[in-house]
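The values are calculated or read from the model by the stated rules, or taken from the named source; none is laboratory data. None of the values given here were measured: they were computed from a predicted structure. Don't worry about glycine lacking a Cβ; one is built from the backbone with ideal geometry, like all the others, and counts go over all protein chains shown. Surface accessibility is based on the protein's heavy atoms, side chains included, excluding ligands, DNA and RNA. Shrake-Rupley method; radii C 1.70, N 1.55, O 1.52, S 1.80 Å.
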Amino acid sequence: MTIQVDDINDNAPRFTQKRYQATMSENFPTGASVTSVSATDHDIGPNAKMTYTLKEADREFFSMTSVEATNTGVLKVFRVFNSYFTFLDFVQN
């Protein structure tokens, strides 16, 4: 799974970790938080605001919420699934 972080500025955002991992079992409830990610940006004001998104293929079962106050993104279960996910890896693109 790839989480993208975008902002409008002259400095590129950077994830605070090189890799994020989360373990979850099947039938995780809809709306439940799986993990959160964060990035930093050397811009100030509105240009430091970040929006976290998922690639379209990952939106079938998951949603991503951007939390403006903390510049974090929260990965949540969008739809209950019967598959088993051992690890979800989030890698900076």
Given a Förster radius of 35 Å and the C-beta distance between residue 25 and residue 47 as r, what FRET efficiency does 1/(1 + (r/R0)^6) yield to the nearest 0.05?
0.30
Hey, what D do you get for the range 14-58 in µm²/s if you plug the Kirkwood alpha-carbon radius into Stokes-Einstein at 20 °C and 1.002 mPa s?
162 µm²/s
Could you work out how far apart the two model spin labels at residue 14 and residue 55 are, taking each label as a point 7 Å from the Cα in the direction of the beta carbon, and quote it in nm?
2.4 nm
Taking 50, 64 and ranking on accessible area (1.4 Å, protein atoms only), highest first, one gets 64, 50
